[in-house]
Amino acid sequence: MAEPRRVVITGLGVRAPGGVQDAAGFSELLRAGRVAPLQGEWPGSAMTLGTVDAAALPKPAQRAVRGGSRALVAALLVALAALADARVTQAESFGVVVAGSNIAQARSFDTTRKFHQEPAWTPPRHAAEVFDTHLAAVVAEATGAQGPGLSIGGASASGNAAVAVAADLIAMGRMPGCLVVAPPLDFGPVEWQALASLGALAPPGAPCRPFDRAAAGFVAGEGCGALVLESLEAAQARGATPLAEIAGHAQAQQGRAGVAPDAATALRVMRAALGALPADALGFISAHATGTPAGDAAEAEALATLLGSAPVPVNATKAMIGHAIQGAALLELVACVLQLQGGFVHGTPGLAQPITDRLYLPTTALERESLYALSPAYGFGGLATAVLLRHARDPA
Amino acid sequence: MERSEIFGIVARQIQAVLPDLPDSEIREDRSMTELGANSMDRVDVLVGSMEEAGLALPMTSFLGVTSIGGLVDLLWSRHQAAHG
């Protein structure tokens, strides 16, 4: 079997709470430690992405999205932004990997309501849109991508899971490159009610407080992101500048269904993603840190064990943009690339009473060049993932 | 409901699936296929138009309809029959 190809990130697109419309805006928010206003009317997330306008799409993309949901339009906007950022002009050989599963629950809820009113009024489009790969098809039509199209779900770890699978397909030579697209969360009232009843949501008006004794649950934030992944050789062949390399990744299950977190599984995937790299070689760790007391405690335990006395800063992006759930892990990978590229490590604003003194948790940004960043993400069902990124400035 | 209102409903439904289409392109003598609608778009327009017109017809009713004008005629006649 041929040597696996090295896989690099060559472009990114992002929309996030706080008026973030692009990578530059996201970088500015992270560096400044600006906390986006998140809380809307309960239940459900505030529509923190603001206006999402299909008219902002180029004409062929408008036709591809065809009356699609707000989430579908936003996802297509970031996918096109990532391709433009990577300066990809010929996407024929590219794949499209959707990060997330059941990505159109609000739409499905509305369709179900319509069905109850009159079955004949069920939009036939539902038969296609109910599959998460519909987004892959829309992106393919808008970009001309004709490589593999698939969706990879992993609850709140979907972004990491999708990047891992996409990177492996590229490493094996199944495709030279692809777009990994995480659409914004599109939960319906049923999902929000279930999360609230589960006790996972912070009460209305409460801030997102990862790693803080005052943490009271997560605060949803509507955000979406996209990455262009390519083999290093494909990127070099077209003269592209890699931003970061996928230097490692790992996925595991706790082996217990349910929502309880587990420090041992978290530690296991972080160690597996690092491989031979010592933990003290990391420039920073972008924690999953949702602001949910049980989850944060388990993660802090795993991080403290991994790092020992190594003074590696740990930060929590969700303190600023909330929890994008299915989109969260991909947004955090985008944040990691921006920090590697920008020579900074963002802080965790609002952290007043840390739940542990065994971690280095800066509250404001550090100006610091990093070579490696680790981004763990966890999902309901005991899913654990971690992606190791390496700055692409010097060849390894 | 006037026939022109039915045409307005159909035109709106076509614009929902073909958002980049100029209004002037939607004429009674054209077919949706000519305008660029695919098979899913076309049935979406039929169902969306039925809903807006308050009709629930079996999909087989639309067999033989070849133009936008033909669709408006069918919906209008069924609407007249149902609501007078």
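Projecting label points 7 angstrom from Cα along Cα→Cβ for residue A:271 and residue B:77 puts them 7.6 nm apart. Count Lys and Arg as plus one, Asp and Glu as minus one, and take only other residues whose Cβ is under 13 Å from that of residue B:53; the net charge is then -3.
Computed on the range A:81-189, the Cα convex hull volume stands at 102 Å³ per residue. If I model the range A:7-237 as equal point scatterers sitting on the Cα atoms and use the Debye formula, what is log10 I(q)/I(0) at q = 0.11, 0.12, 0.15 Å⁻¹? For the range A:7-237, the Cα-only Debye profile gives -0.58, -0.69, -1.05. Give the residue from A:364, A:77, A:58 lying farthest towards the positive end of the charge dipole for the protein assembly as shown; charges sit on Cβ (+1 for Lys and Arg, -1 for Asp and Glu) and the dipole is referred to the Cα centre. In the protein assembly as shown, that residue is A:364.
When the Gaussian network model of chain A links Cα atoms closer than 10 Å, the mean-square fluctuations of A:102, A:160, A:315 top out at A:102. Looking at the range A:248-391 alone, DSSP beta bridges between its own residues are antiparallel in about 75 percent of cases. Each principal axis of the protein assembly as shown carries a Cα extent, and these read 82, 51, 39 Å when sorted largest first.
Neighbours of residue A:308, meaning other residues whose beta-carbon lies under 15 angstrom from its beta-carbon, give a summed charge of -1 when Lys and Arg score +1 and Asp and Glu score -1. Please compute the contact order of chain A in relative form: average sequence separation of alpha-carbon pairs under 8 Å and at least six residues apart, divided by the residue count, as a percent. The normalised contact order for chain A reaches 25 percent.
For residue B:60 and residue A:194, the FRET efficiency from 1/(1 + (r/R0)^6), where r spans their Cβ atoms and R0 equals 56 Å, is about 0.90. Put simply, the amide H of residue A:249, placed in the peptide plane, has neighbours under 5 Å in A:388, leaving out anything fewer than 5 places away on its chain. The P(r) of the range B:3-83 has a tail past 16 Å containing 43 percent of all C-alpha pairs. One compactness figure for the range A:306-382 is 1.12, namely its Cα radius of gyration divided by 2.2 N^0.38 Å.
Note on residue A:128 and residue A:174: the extension gain reaches 14.0 nm, defined as 0.36 nm multiplied by sequence separation minus the Cα-Cα distance. Highest average first, the peptides B:35-45, A:263-273 ordered by how many other beta carbon atoms sit within 10 Å of their residues are A:263-273, B:35-45.
In plain terms, if you count all Cα to Cα distances in the range A:248-391 and split them into 5 Å steps from zero, the share in each step is 2, 11, 22, 26, 23, 13, 3, 1, 0 percent. The residues A:126, A:323, when put in order of fewest to most other Cβ atoms within 10 Å, stand as A:126, A:323.
Based on the Stokes-Einstein relation at 25 °C and a viscosity of 0.890 mPa s, and on the Kirkwood radius from alpha carbon pairs, the range A:142-285 is assigned a translational diffusion coefficient of 134 µm²/s. Average 1/r across all pairs of distinct alpha carbons in the range A:93-135, invert it, and you get the Kirkwood radius: 11.5 Å. Label separation (residue A:146 vs residue A:367): 5.0 nm, computed from points 7 Å beyond Cα along the C-beta direction.
Within the range A:301-345, the ratio Rg/Rh, alpha carbon atoms throughout and Rh by Kirkwood, equals 1.02.
Every number here is computed from the coordinates shown, using simple stated rules; none is lab data. What you see is a predicted model, and the numbers here were worked out from it, not measured in a lab. Using ideal geometry, Cβ is built from the backbone for each residue, glycine included, and neighbour counts are taken over all protein chains shown.
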